[in-house]
Amino acid sequence: MFGTFTGLQGNLFDQLDRLQRELDDSFGLWPQAAELRSPAVGSWPPINIGATPQRVDVYLFAPGLTADELDISIQQNLLTIGGQRRIERAEEQRWYRSERHSGEFRRAVTLPEDVDPERVEATYRDGVLHVSVQRRESAQPRRITVS
Amino acid sequence: MNAKTSTSMTDTAGTAARAAQDAMRPPVDIFEDAEGITLEADMPGVSKERLHVQVDANTLLIEGEVQIDLPETAEAVYADVRSTRWRRSFTLSNELEADKIDASLRDGVLRLRIPKHPQQRPRRIEVRTTG
């Protein structure tokens, strides 16, 4: 099931694409322009996207939140997820590591054009936000009979 | 390709070694107060049933398996998370009571409280002034 995502690792083109993104972000010199909304490498929270002909599933790995700290909106096929995670780091404690993201976050995802913004469902479980967006009927594969 | 990869990932042979190698390091916060050390780790996608916290001699291991509902037929379009496992280990020093670790998991955040031995807690030392 999750193998769908791990399988991506072996794809050469995907790795090249990632390399390009990294170059793009670190130097800004890469001849091919980055998409305006493409995230910087290491953006928080990480996202996975899976698609079937019926729907698109977006997973946001953002633990330690409550539903009211999340702000999800969709405009046509642009899905935006924002919020904030406040981690109180008291002065009187001696801190050794503070690697966890604290503060505001926002990520925007351009979905396929055939998604229906009226049919979106979001659930939050074990620190993963799952946004499921249905696609329009016309985009789904149809069997065509030869007469 | 996807179905095949998924199968090979669940095969037993060599999976443990592979999993350890491919595991992601959860980001952690670690802080100390007079009574002990607190560790908080982001492990999104891990349920209580798939979480594993273990102390072996002076090594603390935290490990968890990610599970999300993805339709069998789904095609991956984009993935920042490319592993199904979180794993990280730490060394515990002697003044900590490894057998009294308290662990809780909530919304994908693991919180460990590791108390110090009572006799090891810091004592305030009075400085006497001699007249």
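The values are calculated or read from the model by the stated rules, or taken from the named source; none is laboratory data. No experiment lies behind these values; they were computed from the predicted model shown. Cβ: placed from backbone, ideal geometry, glycine included. Neighbour counts: every protein chain shown. Side chains are part of the model used for accessible areas, which takes the heavy atoms of the whole protein and leaves out ligands, DNA and RNA. Shrake-Rupley method; radii C 1.70, N 1.55, O 1.52, S 1.80 Å.
From the list A:D17, A:D25, exactly one residue is modelled with pLDDT of 60 or more and not assigned by TED's automatic domain parsing to the domain that holds A:P112. Which is it?
A:D17 is the lone residue from the list that is modelled with pLDDT of 60 or more and not assigned by TED's automatic domain parsing to the domain that holds A:P112.
Among residues belonging to the stretch B:26-38 that are more than 9 Å from chain A (Cβ to nearest Cβ) and in a loop (DSSP other than H, G, I, E, B), point out the one that is most open to solvent (accessible area, probe 1.4 Å).
So, considering only residues that are more than 9 Å from chain A (Cβ to nearest Cβ) and in a loop (DSSP other than H, G, I, E, B), the one most open to solvent (accessible area, probe 1.4 Å) is B:E35.
Of the conditions (1) open to solvent by less than 70 Å² (accessible area, probe 1.4 Å); (2) more than 8 Å from chain B (Cβ to nearest Cβ); (3) out of contact with any strand residue (DSSP E or B) (no Cβ under 8 Å at 6 or more places or on another chain), A:V115 satisfies every one except a single condition; which number is it?
(3) is the only condition that A:V115 fails.
Pick out the one residue from B:A98, B:A74, B:A57 that is more than 20 Å from A:S102 (Cβ to Cβ), open to solvent by 60 Å² or more (accessible area, probe 1.4 Å) and modelled with pLDDT under 95.
When all the criteria are applied, what remains is B:A57.
What strands (runs of 3 or more DSSP E) completely inside the stretch A:41-110 contain at least 3 residues that are in contact (Cβ under 8 Å) with a residue 60 or more places away in the chain and of a type outside the set (S, T, Y)?
A:47-51, A:55-61, A:103-110
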